[in-house]
Amino acid sequence: MLLFRLITIITGVLIAVSLTLSVFYFFEIRQIDRELERVNAEEAGAEYRLALITEQMDHEYWHIVEEGVQEAGEELNIEVKYLGTRRTNYDEQSKMMDMQIAGGVDGIIVQAVNEAMFQPLIDKAVDRGIPVLTIDTDAPSSNRASYIGTDNYEAGYAAGTALADDLDGSATVAIITNSLTSTHQKLRVEGFEDAVDEYDQIDIVTVAVSNNTRIEAEQEAAAIINQHEDVDAFYGTSALDGIGIADALEGHRREEDIYTVAFDSLDETLSLLNDGAIDTIIAQQPYEMGYRSVVTMKGILEGLHYPSIQHTSVDVITLDNVSDFPFDGRKKP
Ligand code: BGC
């Protein structure tokens, strides 16, 4: 009798446990099914899958490019994977590109930061039927379908002209550039040098490298202030260089008497301009670069042809005209 009762209780408990588990797993599986359905729908819904590969993923400038890319992606039903290295590292960035080629995306938008390195990769993608656009930094010797971004030589030239005008054709200049080997940085230095070459009384005393970090830009600028007492102007050739220069000038209380021309209208750069720490900004259009590259890629995938170079504009911003530029790099095309 006792044994019978025990068996009944155990059976009851087992039935209750298995019922509870069945109900639990029923809801769990339904949840997973829904999730899978959602992912499948999203994948099936996106007309094309693209990759954007940049030299620094977590960087305000590139986040603005990303905003443009994602907005165009949403409007056109295109999925864009935003990729990039943590710190500028050409090897790592080129490996990322190789992986995207192997993964078979529909199109690649890449900052071809070093032409010699990226040209073979771009051609490899194109040979496999994956169209490539270059953004921000071009590799004209490659088979990329089109370049979308600043004319980097002209932007450097504009920086040189602005400096020469503002300092009445006489200055001792130090340049901080993010790299001596990246294509766009070289062009920005060349353009600047050519512009100031026309002035006998403008000398460039040094070109220092920041490796695309704010801290190294600051350290280099601080060392220059200590070593070259005659330097009265700085030119920073990329987004973090001008900010690093301003940090160094602040540390030496020299913001007032040293002229600085910087690149990119990031929030902080604009506020440094408003505070008088930076005198001139060469502003690019990162949002537009992102947006236009997705629109162009869709067109290419659908058989349209585009000019091989699509330059975005550059604005020279000073305290006198800053109120005309409320967009901080997010001007829509
Ligand atoms: C350049 C980008 C670069 C960024 C870095 C910008 O001026 O166009 O290529 O990655 O600065 O700070």
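The values are calculated or read from the model by the stated rules, or taken from the named source; none is laboratory data. Only a predicted model underlies this, so the values are computations on that prediction, with no experimental measurement involved. All Cβ positions, even for glycine, are placed from backbone atoms using ideal geometry, and neighbour counts span all protein chains on display. Please note that ligands, DNA and RNA were not included when accessible areas were found on the heavy atoms of the full protein model with its side chains. Shrake-Rupley method; radii C 1.70, N 1.55, O 1.52, S 1.80 Å.
How many residues does the range 232-275 hold that are in contact with a helix residue (DSSP H, G or I) (Cβ under 8 Å, 6 or more places away or on another chain) and over 15 Å from residue 163 (Cα atoms)? Number satisfying all stated conditions: 23.
The residue that is nearest to the ligand (Cβ to nearest atom), among those in the range 285-304 that are open to solvent by 40 Å² or more (accessible area, probe 1.4 Å) and not in a helix (DSSP H, G or I), is 304. Selection of first residues in the range 244-259 that are crowded, with 19+ Cβ neighbours inside 10 Å and of second residues that are in a loop (DSSP other than H, G, I, E, B) and modelled with pLDDT under 95, restricted to Cβ pairs under 6 Å at least 6 apart or on distinct chains, gives the following pairs, ordered by first then second residue: 249/255. Take residue 282 and decide whether it is within 15 Å of the ligand (Cβ to nearest atom), of a type outside the set (S, T, N, Q) and open to solvent by less than 10 Å² (accessible area, probe 1.4 Å). Yes, satisfied.
Number of residues in the range 49-80 that are of a type in the set (Val, Ile, Thr) and near the ligand (Cβ under 10 Å from one of its atoms): the value is 2.
Just one of (1) at pLDDT 95 or above; (2) part of a loop (DSSP other than H, G, I, E, B); (3) open to solvent by 30 Å² or more (accessible area, probe 1.4 Å); (4) under 24 Å from residue 58 (Cα atoms) fails for residue 307. It is (4).
Scanning the range 169-196 for residues that are more than 16 Å from the ligand (Cβ to nearest atom), more than 22 Å from residue 229 (Cα to Cα) and charged (D, E, K, R) yields a count of 1.
One residue is enough: does the range 242-258 have a residue meeting the conditions within 13 Å of the ligand (Cβ to nearest atom) and farther than 17 Å from residue 188 by Cβ? Checked against the condition, which is being within 13 Å of the ligand (Cβ to nearest atom) and farther than 17 Å from residue 188 by Cβ, the range 242-258 yields no hits at all.
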